[in-house]
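Engineer: Below is a structure I'd like to ask you about.
The values are calculated or read from the model by the stated rules, or taken from the named source; none is laboratory data. A quick note: this is a predicted structure, and the numbers were derived from the prediction, not measured. When we count neighbours, we look across all protein chains shown, and the Cβ atoms used for this are built from the backbone with ideal geometry, even at glycine.
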Amino acid sequence: MTRKLDVESIEKKIYRRSSSYNTYKLINSLLTAYEILYQNFIYLPRIDTIMRNHFAKVGAARWPNIKDILRAHNALTLVDTHHLVTDPKPNNPNVIEIGGIHI
């Protein structure tokens with residue numbers, strides 16, 4: 001179950017709403033597009049390389065790509081946040097906020 005991107009209601013920490021709501025939506029949309037491109041073409045390939053290097057002894061070469069692992073349909077996702085200390089945002093029903101969990 002994936003959540004659609006809702007750039008109008010989720011603010012970025014970098015840019016707070018200005019006087020013009022249209023300007024805010026445009027900048028928020030551009031920042032979201034930048035984050036998606038950065039994650040797909042820079043961050044996740046680096047994480048995949050690190051994962052395969054550090055877990056080579058247990059057969060990481062046979063594991064699927066990190067993008068496939070992260071995009072799999074998860075039945076349950078535990079998140080180390082809580083709505084009392086973070087900005088409110090919509091979550092899917094399979095996301096449970098557990099504030100202060102340490103694994």
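Engineer: Taking the stretch 50-103 on its own, how many of its residues are closer than 27 Å to residue 37 by Cα and either more than 19 Å from the chain's Cα centre (by Cα) or part of a loop (DSSP other than H, G, I, E, B) (or both)?
Structural biologist: Residues in the stretch 50-103 being closer than 27 Å to residue 37 by Cα and either more than 19 Å from the chain's Cα centre (by Cα) or part of a loop (DSSP other than H, G, I, E, B) (or both): 27 in total.
Engineer: Report every pair of residues separated by at least 6 positions or lying on different chains whose Cβ atoms are under 8 Å apart, first residue within the stretch 27-41 and on the phi > 0 side of the Ramachandran plot, second acidic (Asp, Glu) and not in a helix (DSSP H, G or I).
Structural biologist: Correct list of pairs: empty, since none qualify.
Engineer: Can you tell me which residue is farthest from residue 42 (Cα to Cα) among those in the stretch 61-103 that are among the acidic types (Asp, Glu) and at pLDDT 85 or above?
Structural biologist: 97
Engineer: Select from the stretch 54-65 the residues that are touching a helix residue (DSSP H, G or I) at 6+ places or on another chain (Cβ under 8 Å) and loosely packed, with under 10 Cβ neighbours inside 10 Å and list them in ascending order.
Structural biologist: Of everything in the stretch 54-65, just one residue is touching a helix residue (DSSP H, G or I) at 6+ places or on another chain (Cβ under 8 Å) and loosely packed, with under 10 Cβ neighbours inside 10 Å, namely 61.
Engineer: Can you name every residue in the stretch 45-103 that is touching a residue at least 40 places away in the same chain (Cβ under 8 Å) and of a type outside the set (D, E, K, R)?
Structural biologist: 73, 90, 91, 92, 93, 94
Engineer: Between 9, 29, which is modelled with pLDDT under 85, exposed (fewer than 11 other Cβ atoms within 10 Å of the Cβ) and of a type outside the set (D, E, K, R)?
Structural biologist: Only one candidate qualifies: 9.
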